[in-house]
Amino acid sequence: GVGDDFSESMVDIARERHPELDFRQQAMEEAEPPEEPFDYVLMIQVLGEVVDLVPALKNVRRFCHPRTRLITVNFNFLWKKFFQVAAGLGLKTNAPIQNWLSPDELRDMLSLAGFESCIFKRRMMSPLKVGGLGHLVNRGLSWFPLLNRLNLLHIHACRPVMDQPDREDTSVSV
C-alpha cells in the first residue's frame, strides 16, 4: 500500500504505525504516479483542503486504470457553522480553511477531472455517542429521506472515464 499526505507529521505517524507500507509527503496536485495504477484511491477528508481541486483530481486520474474506484469522503457543507462554533468553544481543533462543496459541486468537479460518480451516500447524522443516542440516530433517523440531508459525511464512489479527452482549457472558480 501507498499513502500520500502533505503533512510531514502525519506521514511520520503513519510510517511509525505501519512500517511495512510506503508513505510519501507530497500534495496530491504534485504527486507522482506509481509504477502500476491503483485499484482503489481513498481520499478521506482531503478534498476540502485542496486549493485547486480540478487539476489535483486530474493528477489523481493518472493513477487509475479503467476499473479503479476513487472513494471520496468529505464533510457536509451544512455542518460548516457547527464546526466553527465547536472550534470557537474549544470542542474541536481548528482545521485548515475548507472548501465546503455541495454534492453537486463536487460531482461537477469530478466530471471535469475525468471521473464519473457511480454511488453517492450520506452517512452519520450524529458524530457524538451520548448514552447510545448517537447510535440510535445514526442507525435509525439518518436513513430517512430528507433527514439524511443533515448527515455529516458525504461519500462518493467514482470511476475514471477512460475515453474522455483531456481538456486543458477547463477551469473552475468556487
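Can you tell which of ALA31, ALA27, ALA56 is modelled with pLDDT of 90 or more and touching an Asp or Glu at 6+ places or on another chain (Cβ under 9 Å)? Talk me through it step by step, then tell me what you get.
Details: ALA31 fails: modelled with pLDDT of 90 or more; ALA27 fails: modelled with pLDDT of 90 or more.
Going through ALA31, ALA27, ALA56 in turn, the sole match is ALA56.
The residue that is modelled with the highest pLDDT, among those in segment 143-170 that are within 20 Å of the chain's Cα centre (by Cα) and of a type in the set (S, T, N, Q), is ASN151.
Scanning segment 10-51 for residues that are under 18 Å from the mean Cα position of the chain (by Cα), in a loop (DSSP other than H, G, I, E, B) and loosely packed, with under 12 Cβ neighbours inside 10 Å yields GLU30, VAL51.
Do you know which residues across segment 52-64 are touching a residue at least 60 places away in the same chain (Cβ under 8 Å) and open to solvent by 20 Å² or more (accessible area, probe 1.4 Å)?
Residues of segment 52-64 that are touching a residue at least 60 places away in the same chain (Cβ under 8 Å), as a first pass: 53-54, 58, 61, 64.
Correct list: LYS58, ARG61.
If you check VAL85 against the conditions, is it modelled with pLDDT under 80, among the β-branched types (Val, Ile, Thr) and more than 15 Å from the chain's Cα centre (by Cα)? No; evaluated as a whole, the condition is false for this residue. Does PHE75 satisfy the condition of being modelled with pLDDT of 90 or more, within 16 Å of the chain's Cα centre (by Cα), among the aromatic types (Phe, Trp, Tyr) and within 26 Å of GLU30 (Cβ to Cβ)? For PHE75, the condition - modelled with pLDDT of 90 or more, within 16 Å of the chain's Cα centre (by Cα), among the aromatic types (Phe, Trp, Tyr) and within 26 Å of GLU30 (Cβ to Cβ) - is not met. If the condition is being over 14 Å from the mean Cα position of the chain (by Cα), surrounded by 11 or more Cβ atoms within 10 Å (Cβ to Cβ) and not polar (S, T, N, Q), then segment 92-114 contributes LYS92, ALA95, ASP108, LEU112, ALA113, GLY114. Among the residues making up segment 119-152, a single one is closer than 30 Å to ARG61 by Cα, buried (at least 18 other Cβ atoms within 10 Å of the Cβ) and aliphatic (A, V, I, L, M): LEU152.
The values are calculated or read from the model by the stated rules, or taken from the named source; none is laboratory data. From a predicted model like this one, the values you see are computed outputs, not experimental measurements. Ideal geometry is used to build each Cβ from the backbone, glycine not excepted, and the neighbour counts take in all protein chains shown. Areas reflect the complete protein model, heavy atoms only, side chains present, ligands, DNA and RNA absent. Shrake-Rupley method; radii C 1.70, N 1.55, O 1.52, S 1.80 Å.
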